[in-house]
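Read the structure below first, then the notes.
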Amino acid sequence: MRIGNGIDVHAFGPGDHVVVGGVRIAHSHGIVAHSDGDVAIHALCDAILGALALGDIGQHFPPSDARWCGADSRVFLRHCAALMREQGYALGNADISIVCEAPKIAPHAAAMRANLAADLACDAGRISVKATTSEKLGFTGRGEGIAAYAVVLLDKA
């Protein structure tokens with residue numbers, strides 16, 4: 001077994017939606033990011049890459065590379081899933097926590113789980129997506145951005 005964790009944060013900026021867990025959610029702001037800024041997927045990718053001892057998402061998809069400008073982060077997750085399989089591992093489970101005051105995540109959690117499960121080729125029952133606020137503290141509490149934390153357990157396939 002291997003365990004990995006990942007963290008990602010992005011500031012809010014101009015726009016009318018955010019993408020979290022591969023789900024487009026209407027919001028008063030967009031995300032400032034090189035790709036689509038999907039914090040849930042970025043944290044999950046870092047957790048998988050960490051468990052495999054393969055660095056981080058920035059090494060695989062550098063923000064300095066124009067190919068990834070505006071990219072769908074699900075491409076990143078499918079890449080990480082392929083690396084996981086190549087090394088002989090399968091997802092045991094993933095636990096993702098999203099931190100923001102808004103938008104509300106809970107109404108979209110099932111769709112997020114379905115997207116992540118599809119990209120990781122596993123049952124959605126292996127993936128937890130939950131959300132919390134930071135009780136108006138810090139940058140997320142002030143509504144300046146969004147954060148996500150992910151933990152994965154990988155099993156030898």
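The values are calculated or read from the model by the stated rules, or taken from the named source; none is laboratory data. Treat the numbers as computed from the prediction; the structure is a model and nothing was measured. Heads up, the Cβs are rebuilt from the backbone with ideal geometry, glycines too, and the neighbour counts pull from every protein chain shown.
Here are some notes:
- Note on region 59-157: enclosed strands (runs of 3 or more DSSP E) holding 3 or more residues that are within 17 Å of Gly37 (Cβ to Cβ) are 89-99, 145-156.
- Complete set of residues in region 30-42 that are of a type outside the set (A, V, I, L, M), touching a His at 6+ places or on another chain (Cβ under 9 Å) and farther than 22 Å from Leu120 by Cβ: Gly30
- Region 40-58, residues that are in contact with a Phe, Trp or Tyr (Cβ under 9 Å, 6 or more places away or on another chain) and either surrounded by fewer than 22 Cβ atoms within 10 Å (Cβ to Cβ) or not in a helix (DSSP H, G or I) (or both): Leu52
- Scanning region 64-100 for residues that are within 16 Å of the chain's Cα centre (by Cα) and not hydrophobic (A, V, I, L, M, F, W, C) gives Gly70, Asp72, Ser73, Arg74, Arg78, His79, Asn93, Asp95, Ser97.
Okay, residues lined up against (1) surrounded by fewer than 14 Cβ atoms within 10 Å (Cβ to Cβ); (2) at pLDDT below 95:
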| residue | (1), (2) |
| --- | --- |
| Ser64 | yes, yes |
| Pro103 | no, no |
| Asp123 | yes, no |
| Gly145 | no, no |
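- Test: residue in region 32-39 that is surrounded by fewer than 24 Cβ atoms within 10 Å (Cβ to Cβ), part of a strand (DSSP E or B) and not aliphatic (A, V, I, L, M): no
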